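Novice: My questions all concern the structure below.
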Amino acid sequence: MNNVNTSVGNTSVGEEEYTLHGKSSITETLRGLTFQISANSFFQTNTHQAEVLYKLIEECAGIKGDGSEIVLDLFCGTGTIGLTLARSAKHVYGYEVVPQAIADARLNAELNGIQNATFVQGDLNKIDENFGKNFPKPDIVISDPNRPGMHMKLIKFLLNLKAPRIVYVSCNPATCARDLDYLCHGVAELNIKGCYKLISLQPVDMFPHTPHIECVCLLELC
């Protein structure tokens, strides 16, 4: 696969891709589910630790399992986290900026026979006052941004939304600390009050002998 990217950015998503030999996607199995992943779709490369990571996310989400809870899955990628949780939730609503990842997420729901998941393509850095009107208020929010963390627009949305629980998954400890501070203590310069308390924070070493770790943080509404 030849993935062409002529711009500078924080991800390796290319503008063009060419299949030089073989299939244009790969298939992986995680948490008992099958996932198709295209070249421009994000997926955890360390699949052994990904099992550990997603199990921890499930535990932090704490879904009752009675099919009554709504999950909002932000930066959902190919649907790995959302589809894992959909098995015990009422419905999962996933958002992701990469069109091919959304196409993969929808296909993955179909491949696994999951009908209670809706995936929407959209840039979470550019949300407006209409965001959130096309889905019911969630009981649980999963947010798994890339290294720059969450945009202030999304922080403000979450503080106004006041979902009972947020599971924040971060691949950058620095932006993780910043965003947790905003959610818990607010944004003084914008006169926005925080409304969450940090219950737990667990690092997961996805790339041994490197500084790159994932952190799974559970926040509950005060």
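Novice: Which pairs have Cβ atoms under 7 Å, sit 6 or more apart or on different chains, and link a residue in region 137-148 that is under 11 Å from VAL169 (Cβ atoms) and modelled with pLDDT of 95 or more to one that is among the aromatic types (Phe, Trp, Tyr) and in a loop (DSSP other than H, G, I, E, B)?
Specialist: Correct list of pairs: SER143/PHE75; ASP144/PHE75; PRO145/PHE75.
Novice: While we're looking at this one, here's another question. Considering only region 110-222, give the strands (runs of 3 or more DSSP E) lying wholly within it that have at least 2 residues that are of a type in the set (S, T, N, Q) and closer than 22 Å to ALA50 by Cβ.
Specialist: Here the list reads 196-204.
Novice: Something else: Quick check on my filter: what residues within region 135-151 are loosely packed, with under 14 Cβ neighbours inside 10 Å and either touching a strand residue (DSSP E or B) at 6+ places or on another chain (Cβ under 8 Å) or on the phi > 0 side of the Ramachandran plot (or both)?
Specialist: Across region 135-151, the qualifying residues are PRO136, LYS137.
Novice: When the residues of region 162-182 are narrowed to those that are in contact with a Lys or Arg (Cβ under 8 Å, 6 or more places away or on another chain) and without any contact (Cβ under 8 Å) to a residue 60 or more places away in the chain, which ends up surrounded by the fewest Cβ atoms within 10 Å (Cβ to Cβ)?
Specialist: Among residues in region 162-182 that are in contact with a Lys or Arg (Cβ under 8 Å, 6 or more places away or on another chain) and without any contact (Cβ under 8 Å) to a residue 60 or more places away in the chain, the one surrounded by the fewest Cβ atoms within 10 Å (Cβ to Cβ) is THR175.
Novice: In this structure, does LEU83 turn out to be under 29 Å from PRO203 (Cβ atoms) and surrounded by 15 or more Cβ atoms within 10 Å (Cβ to Cβ)?
Specialist: Yes, satisfied.
Novice: If you don't mind, there's one more thing I want to ask. Filter region 62-73 for residues that are closer than 22 Å to LEU201 by Cα and surrounded by fewer than 24 Cβ atoms within 10 Å (Cβ to Cβ) and give the result.
Specialist: GLY62, ILE63, LYS64
Novice: Taking region 86-102 as the search range and keeping residues that are part of a helix (DSSP H, G or I) and among the hydrophobic types (A, V, I, L, M, F, W, C), which one is surrounded by the fewest Cβ atoms within 10 Å (Cβ to Cβ)? If you could, list the steps in order and put the result at the bottom.
Specialist: From region 86-102, those part of a helix (DSSP H, G or I) are 86, 99-102; that's our starting set.
If we keep only those that are among the hydrophobic types (A, V, I, L, M, F, W, C) too, we end up with 86, 101-102.
Numbers: ALA86: 24, ALA101: 25, ILE102: 22.
Among those that are part of a helix (DSSP H, G or I) and among the hydrophobic types (A, V, I, L, M, F, W, C), it is ILE102.
The values are calculated or read from the model by the stated rules, or taken from the named source; none is laboratory data. Please read all numbers here as calculations on a predicted model, not as lab measurements. With ideal geometry, Cβ positions are generated from the backbone for all residues, glycine too; neighbour counts draw on all protein chains shown.
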